[in-house]
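J.: Attaching a single structure in structure tokens format; questions to follow.
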Amino acid sequence: MAHSKSSKKRVYIGERNRLRNQAIKSRVKTFVKKVLVAVDANNVDEAKTALSVAYKELDKAVTKGILKKNTVSRKKSRLAAKVNSLAS
């Protein structure tokens, strides 16, 4: 158990950050899933709009430091490939 004031604060801040990170990751997964559901339904318009929202959420996760830049780049590339396969 933490004894000093600073170590108690670190425990508190770590828990706060964990909850924030968890919420942002969950939000990203939700919007990525919306794109995948639209792709499975062969709905091109819905997939494209969902893709732009997913891009925004993924980029926001990078700026907050939740996900790494290359991870998000890979996810965006794979989502775009799936959406583009519908259009052709």
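J.: Can you tell me how many residues in segment 1-43 are open to solvent by 70 Å² or more (accessible area, probe 1.4 Å), of a type in the set (S, T, N, Q) and either under 21 Å from LEU79 (Cα atoms) or outside any helix (DSSP H, G or I) (or both)?
T.: 1
J.: Would you point out the residue of segment 44-88, among those that are part of a loop (DSSP other than H, G, I, E, B) and touching a residue at least 40 places away in the same chain (Cβ under 8 Å), that is surrounded by the fewest Cβ atoms within 10 Å (Cβ to Cβ)?
T.: In this case the residue turns out to be LYS64.
The values are calculated or read from the model by the stated rules, or taken from the named source; none is laboratory data. It should be emphasised that the depicted structure is a prediction, and the values quoted were computed from it without experimental measurement. All Cβ positions, glycine included, derive from the backbone under ideal geometry; neighbour counts span all protein chains shown. Accessible surface areas use protein heavy atoms only, side chains included; no ligands, DNA or RNA. Shrake-Rupley method; radii C 1.70, N 1.55, O 1.52, S 1.80 Å.
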